[in-house]
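**Student:** One structure follows; several queries about it will come next.
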Amino acid sequence: MNEQLDSRGHLRHLITLDGLSGDVLSGLMDRAEAYLIAPGQPGPGDGSLEGLTVCQLFFEASTRTKISFELAARRQGADVVNLVIPTSSAAKGETVLDTLLTIQSMAVDFFVVRHKEAGLMRSIATRLGDRASLINAGEGQQSHPTQGLLDVLTIRQHKKDFKNLSVAITGDIRHSRVARSACHALLALGVHDLRLIGPENLLPESNELTHARRYTDFDAGIKDCDVVMMLRLQKERMKSGDIPDLESYRKQYCLTSRRLKLASGNAIVMHPGPINRGTDMADEVADGRQSVVRQQVGNGVAMRMAVLAAIAAGKKS
Ligand code: ASP
């Protein structure tokens, strides 16, 4: 979406990774690295949001994204306010757009928004005035751009060359905004061997993510992979008939140490969280030496600092 760049090509909003170039993504990764003391360990900010205000509106549940955006904004020197949705005027029937435009009148510079409705982010972005920027913190099953960015940053910290990587994404891909944003980022960075693994009804529609190879057999799909990204069953977005029988799902798609041995010996294991232990992956894998799950979380703070700073820089220039 080009509307997220201004006329000079600076990031103005962050709505989706679809359509952003590998160079833009690499620039954001470089910026995030500057806010890390070590991989996965966010350090102090540089005050690039001094005097600016960030308002967070999470219409869907969140732990990692919400806390890390708030920490990121504070470490960059911003004022942060949070709208508590259940006790807001949303409960009185106000639309999301009216809520945002109302808060915009109070001189807010950034909105960080999570909402289930596909297409909402784009329509909000086009209605905001010059001052405010919108950052998508999760849009239905469509996109989760800062997650995609922190995921590729984590991969880059372990694997130097995207072009020769084999990446397997496994689980409920159909309902996963994380998978979609990861695929957009990985393809932009030149990954050729992208594999999507899951039961047929939880793989994307056949006309979506067509660059990736599809597998229903986990053992075949994971073979010799360098990166294994596991996903949760997102029951909140499933129709009741789509929810698999848990026992047989676990047998076929839980990442166990036996299965992980089929991947490359130094494969990394990722998960956006929250992990459903014993269903998505076994404890010994979640807490094992190949897991980079905690590193992803720490990188998330630095990446969100980078996105805020990049947009703030564009506003100033
Ligand atoms: N936390 C991620 C998201 O918001 C993944 C998940 O919920 O399974 O999409």
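The values are calculated or read from the model by the stated rules, or taken from the named source; none is laboratory data. Because the structure is predicted, anything quoted here is derived from the model rather than measured. Here the Cβ positions follow ideal geometry from the backbone for every residue, glycine too, while neighbour counts run over all protein chains shown.
**Student:** Return a yes/no flag: does the range 224-236 have any residue that is more than 15 Å from the ligand (Cβ to nearest atom) and more than 23 Å from the chain's Cα centre (by Cα).
**Tutor:** Scanning the range 224-236 turns up at least one residue that is more than 15 Å from the ligand (Cβ to nearest atom) and more than 23 Å from the chain's Cα centre (by Cα).
**Student:** Also: Please go through the range 197-220 and pick out each residue that is of a type in the set (S, T, Y) and at pLDDT 95 or above.
**Tutor:** Hits for the range 197-220 are Y215, T216.
**Student:** Answer yes if at least one residue in the range 103-124 is of a type in the set (K, R), closer than 30 Å to P44 by Cβ and under 19 Å from the mean Cα position of the chain (by Cα), and no otherwise. If you could, list the steps in order and put the result at the bottom.
**Tutor:** Going residue by residue through the range 103-124, those that are of a type in the set (K, R) are 114, 116, 122.
Next, from what is left, pick out any that are closer than 30 Å to P44 by Cβ: 114.
Those left that are additionally under 19 Å from the mean Cα position of the chain (by Cα): 114.
So far as the range 103-124 goes, yes, one or more of its residues are of a type in the set (K, R), closer than 30 Å to P44 by Cβ and under 19 Å from the mean Cα position of the chain (by Cα).
**Student:** Test of understanding: among G138, G129, G148, which residue is in a helix (DSSP H, G or I), small (G, A, S) and either out of contact with any His (no Cβ under 9 Å at 6 or more places or on another chain) or modelled with pLDDT of 95 or more (or both)?
**Tutor:** G148
**Student:** Go through the range 195-237 residue by residue and tally those that are surrounded by fewer than 20 Cβ atoms within 10 Å (Cβ to Cβ) and part of a helix (DSSP H, G or I).
**Tutor:** Result for the range 195-237: 7.
**Student:** Can you tell me which residues in the range 144-176 are surrounded by fewer than 24 Cβ atoms within 10 Å (Cβ to Cβ) and not aromatic (F, W, Y)?
**Tutor:** From the range 144-176, those surrounded by fewer than 24 Cβ atoms within 10 Å (Cβ to Cβ) are 156-166, 174-175; that's our starting set.
Across the range 144-176, the qualifying residues are R156, Q157, H158, K159, K160, D161, K163, N164, L165, S166, R174, H175.
**Student:** Say whether the condition of being at pLDDT 95 or above and either more than 16 Å from the ligand (Cβ to nearest atom) or in a helix (DSSP H, G or I) (or both) is met by at least one residue in the range 1-10.
**Tutor:** Checking the range 1-10: not a single residue is at pLDDT 95 or above and either more than 16 Å from the ligand (Cβ to nearest atom) or in a helix (DSSP H, G or I) (or both).
**Student:** For the range 175-215, what are the residues that are more than 16 Å from the ligand (Cβ to nearest atom), polar (S, T, N, Q) and touching a residue at least 24 places away in the same chain (Cβ under 8 Å)?
**Tutor:** Once the filter is applied, which keeps residues that are more than 16 Å from the ligand (Cβ to nearest atom), polar (S, T, N, Q) and touching a residue at least 24 places away in the same chain (Cβ under 8 Å), the range 175-215 yields only N201.
**Student:** Related question: K159 is checked against (1) touching an Asp or Glu at 6+ places or on another chain (Cβ under 7 Å); (2) free of Cβ contacts under 8 Å to residues at least 40 places away in the same chain; (3) not β-branched (V, I, T) and fails just one. What number does that condition carry?
**Tutor:** So K159 meets the others, but not (2).
**Student:** For the range 238-265, which residues satisfy the criterion of being without any contact (Cβ under 8 Å) to a residue 40 or more places away in the chain and either among the small types (G, A, S) or part of a loop (DSSP other than H, G, I, E, B) (or both)?
**Tutor:** K239, S240, G241, I243, D245, S248, C254, T256, S257, K261, G265
**Student:** Could you grab me the full set of residues in the range 155-174 that are closer than 21 Å to G40 by Cβ and either within 16 Å of the ligand (Cβ to nearest atom) or part of a helix (DSSP H, G or I) (or both)?
**Tutor:** Of everything in the range 155-174, those that are closer than 21 Å to G40 by Cβ and either within 16 Å of the ligand (Cβ to nearest atom) or part of a helix (DSSP H, G or I) (or both) turn out to be I155, R156, Q157, H158, F162, I169.
**Student:** For the range 266-298, enumerate the residues that are in a helix (DSSP H, G or I) and either more than 15 Å from the ligand (Cβ to nearest atom) or under 17 Å from V167 (Cβ atoms) (or both). Before the answer, list the steps.
**Tutor:** Of the range 266-298, the ones in a helix (DSSP H, G or I) are 283-286, 293-298.
Residues satisfying the conditions are D283, E284, V285, V293, Q295, Q296, G298.
**Student:** Separate question: Here is a check on your reading of the model: is K316 under 30 Å from R12 (Cα atoms) and modelled with pLDDT under 95?
**Tutor:** yes
**Student:** What is the one condition in (1) farther than 27 Å from D219 by Cα; (2) in contact with a helix residue (DSSP H, G or I) (Cβ under 6 Å, 6 or more places away or on another chain) that D172 does not satisfy?
**Tutor:** Here D172 meets the rest and fails (1).
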